[in-house]
1. Out of all the residues in region 64-79, which are surrounded by fewer than 16 Cβ atoms within 10 Å (Cβ to Cβ) and either basic (Lys, Arg) or on the phi > 0 side of the Ramachandran plot (or both)?
2. Looking only at residues in region 104-118 that are buried (at least 17 other Cβ atoms within 10 Å of the Cβ) and over 18 Å from the mean Cα position of the chain (by Cα), which one is nearest to Arg289 (Cα to Cα)?
3. Could you say whether any residue in region 48-58 is among the aliphatic types (A, V, I, L, M) and either within 29 Å of Pro262 (Cβ to Cβ) or assigned to a strand (DSSP E or B) (or both)?
4. With modelled with pLDDT of 95 or more, more than 19 Å from Thr276 (Cα to Cα), in a strand (DSSP E or B) and touching a Lys or Arg at 6+ places or on another chain (Cβ under 6 Å) as the only criterion, which of Val43, Val88, Val92 stands out?
5. Would you confirm, using the coordinates I've provided, whether Thr201 is β-branched (Val, Ile, Thr), on the phi > 0 side of the Ramachandran plot and touching a strand residue (DSSP E or B) at 6+ places or on another chain (Cβ under 6 Å)?
6. Residue check, Glu246 against (1) touching an Asp or Glu at 6+ places or on another chain (Cβ under 9 Å); (2) charged (D, E, K, R); (3) not in a loop (DSSP other than H, G, I, E, B), all met but one. Which one?
7. Considering only residues that are hydrophobic (A, V, I, L, M, F, W, C), assigned to a loop (DSSP other than H, G, I, E, B) and surrounded by fewer than 21 Cβ atoms within 10 Å (Cβ to Cβ), which ones fall in region 125-173?
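The values are calculated or read from the model by the stated rules, or taken from the named source; none is laboratory data. What you see is a predicted model; the values in this text were computed from it and never measured. As a convention, Cβ positions derive from the backbone with ideal geometry for all residues, glycine included, and neighbour counts pool all protein chains shown.
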Amino acid sequence: MKPLLRGSILGAVCACLAAGAADAADVNSSDYLPAPAGTNLLVFYSQYATRNEYTTASGKTFSNDTGLDSYVDILRYVHYFDVAGFTVAPQVLIPAGTLYNGRVAGAGLDSAAGVGDPILAATVWVVNNKATQTYVGIMPYLFLPLGQYSAGEALNLGENRWKLDLQAGWYQGLTNGLALQLTGDVTWYGDNTKAGNGNQTLSQDPTYQFQAWLSYAFAPTWSAAVGYSQFWGGTEYLAGVPTDNETERSQVRLELSKFITPTFQVLGLVQRDVSTSGGFPEAFRGTVRLLQVF
């Protein structure tokens, strides 16, 4: 495999892991609807994704004998409390999983398994108006470089770099069970000094994301939603040379959830990239989320 192409693949894999192994910045349709102070949530995500082509930022697509599959579980704990008139929800996320069937134009990328980078986060609701069903929150995510990482390997669950994602979200109840949720993100990246051949530095420009959800509670315990995500930016450089990867993508989503009991919810989510530049587009991602309130 040519060195430049291999560097591009390394950058693309990094971006896929940010989405597949953690996906903290991806939100479900009611994530910015706050719970009462004193509430605890234990959330478990089980996520499978498959990709069958690789596209460079310059527009070259590899589809023959190309793909990458992932299976990732995420455990998340959230606690709500009030402080100085604001509702706050600190939380921690622990991802773990496996990456396999990685290949580009027949060149194998081996596989990886283990724990991903842990994530610390906290939501602060600056607007919390139950009367008008208007909620606005700000949520920073800090990714800790503690996950599985082997220098010189193409696939890793961890990224060996610090990341800070700052997200703002607005949830607005409409009428007759309808609700709209909009979020926007900017993510800053530290350097990975063990990228490429294990002794090169991978740096990345900030990335941006916009997400929109329209949800409908069509029964007392049921809700369905349609969503859209746009992700852009993030030009990567390996040893100072652009990797031809920016990981720009557009994605459509469908979600269905039900409270089995008043404190236990099951949610299903399917996603598909409809346009990607600079990475592995997801042909399909399916997620099952189990949520326990206590």
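1. Scanning region 64-79 gives a single hit, Asp65.
2. Ala112
3. yes
4. Answer to the selection: Val43.
5. No.
6. (3)
7. Of everything in region 125-173, those that are hydrophobic (A, V, I, L, M, F, W, C), assigned to a loop (DSSP other than H, G, I, E, B) and surrounded by fewer than 21 Cβ atoms within 10 Å (Cβ to Cβ) turn out to be Ala131, Leu144, Leu146, Ala151, Trp162.
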